[in-house]
Amino acid sequence: MNSVILIGRLTKDPELRYIPESQTAVATFTLAVDRPFAKEKQADFIRIVVYGKQAENCERFLTKGRLTAVQGRIQTGSYKNKEGATVYTTDVIADR
């Protein structure tokens, strides 16, 4: 089962764009999630991707610094950058 729930604060306002072929809204933002058992205060910065009407709502209602809960799944991928090196990605695809 691929399921994740995160609670953290937005590092900046969500960025909204539309997929040209389908005009589907896509919002991306980064969530700073504190590590609960670290001796020093540490956080993980996790990229979140949201699609459709929820993406538009994220862009409208979420702002930098706001405490936010996200539920979704982890998705990995890769692409070639300008130098031709492979870059690996890990995102949370949020559905709630």
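The values are calculated or read from the model by the stated rules, or taken from the named source; none is laboratory data. All of these numbers come straight from a predicted model, not from anything done at the bench. Here the Cβ positions follow ideal geometry from the backbone for every residue, glycine too, while neighbour counts run over all protein chains shown. The area values use the complete protein model at the heavy-atom level, side chains included, leaving out ligands, DNA and RNA. Shrake-Rupley method; radii C 1.70, N 1.55, O 1.52, S 1.80 Å.
Observations
- Accessible surface of region 4-95, 1.4 Å probe: 51 percent of it comes from carbon and sulfur atoms.
- Here the chain is assigned +1 on the Cβ of each Lys and Arg and -1 on the Cβ of each Asp and Glu. Its dipole about the Cα centre then comes out at about 220 debye.
- Straight-line reach from K39: taking Cα to Cα under 28 Å and skipping same-chain neighbours fewer than 8 places apart, the lysines in range are K12, K64.
- Inter-label distance for R73 and R17, nm, one decimal - labels placed 7 Å from Cα along Cα-to-Cβ: 2.3
- Per residue, region 28-96 exposes 73 Å² of accessible surface when a 1.4 Å probe is rolled over the protein heavy atoms with every protein chain present.
- Net +/- balance of residues flanking G52 in space, Cβ distance below 15 Å, scoring K and R +1, D and E -1: 0
- With 0.36 nm allotted per residue and the present C-alpha distance subtracted, the R9-K80 stretch has 22.6 nm of extension available.
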